[in-house]
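Inspection log for the structure reproduced underneath, given as structure tokens.
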Amino acid sequence: MKVNELKEIEREEGCVYYRRKFTAIANMEILARNIDIPVNFIIETGPLGDKKIEFGEIKGDFNYPILPIVKSLREYVKKMDEEGALPL
């Protein structure tokens, strides 16, 4: 199971500068098939610069445990954020 890409990434405007809300479509390879899963997530920056990534409810037609999916998505989003690939 791996994340192939995040596409159609859109940032939702908010009043709090240290919380960034996003929606996207995650293309993932699960059990040897590619699946598009709609996701929403928040990246919150703490006072010391640490970042916390939280995902909303993930719905999909897949027969796979949700925790490994969330872990893979969290790592992928963290990498994208470090590279500056997310919308400002």
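Listing for the model above:
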| read-out | value |
| --- | --- |
| Residues of the stretch 42-55 that turn out to be open to solvent by less than 90 Å² (accessible area, probe 1.4 Å) and either touching a Pro at 6+ places or on another chain (Cβ under 8 Å) or modelled with pLDDT of 95 or more (or both), as a count | 8 |
| In the stretch 1-19, residue farthest from A85 (Cα to Cα) [restricted to those that are of a type outside the set (V, I, T) and touching a helix residue (DSSP H, G or I) at 6+ places or on another chain (Cβ under 9 Å)] | M1 |
| Unmet criterion (only one of (1) touching a Phe, Trp or Tyr at 6+ places or on another chain (Cβ under 7 Å); (2) at positive phi; (3) not aliphatic (A, V, I, L, M)) for E54 | (2) |
| Condition broken by P87, with the remaining ones in (1) loosely packed, with under 15 Cβ neighbours inside 10 Å; (2) more than 16 Å from R20 (Cβ to Cβ) satisfied | (2) |
| Qualifying positions in the stretch 56-65 - free of Cβ contacts under 8 Å to residues at least 24 places away in the same chain and open to solvent by 70 Å² or more (accessible area, probe 1.4 Å) | E57, K59, P65 |
| Filtered residues of the stretch 9-46 (kept if within 16 Å of N63 (Cα to Cα), of a type in the set (S, T, N, Q) and within 15 Å of the chain's Cα centre (by Cα)) | N27 |
| Boolean, I35 is surrounded by 15 or more Cβ atoms within 10 Å (Cβ to Cβ) and among the hydrophobic types (A, V, I, L, M, F, W, C) | yes |
| Every pair of residues 6+ apart whose Cβ atoms lie under 8 Å, when the first sits in the stretch 15-40 and is within 11 Å of M1 (Cα to Cα) while the second is charged (D, E, K, R) and part of a loop (DSSP other than H, G, I, E, B) | I35/D61 |
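The values are calculated or read from the model by the stated rules, or taken from the named source; none is laboratory data. The structure presented is a predicted model; accordingly, all values stated were derived computationally and were not measured. With ideal geometry, Cβ positions are generated from the backbone for all residues, glycine too; neighbour counts draw on all protein chains shown. In case anyone asks, the SASA skips ligands and DNA or RNA and just uses the protein heavy atoms, side chains included. Shrake-Rupley method; radii C 1.70, N 1.55, O 1.52, S 1.80 Å.
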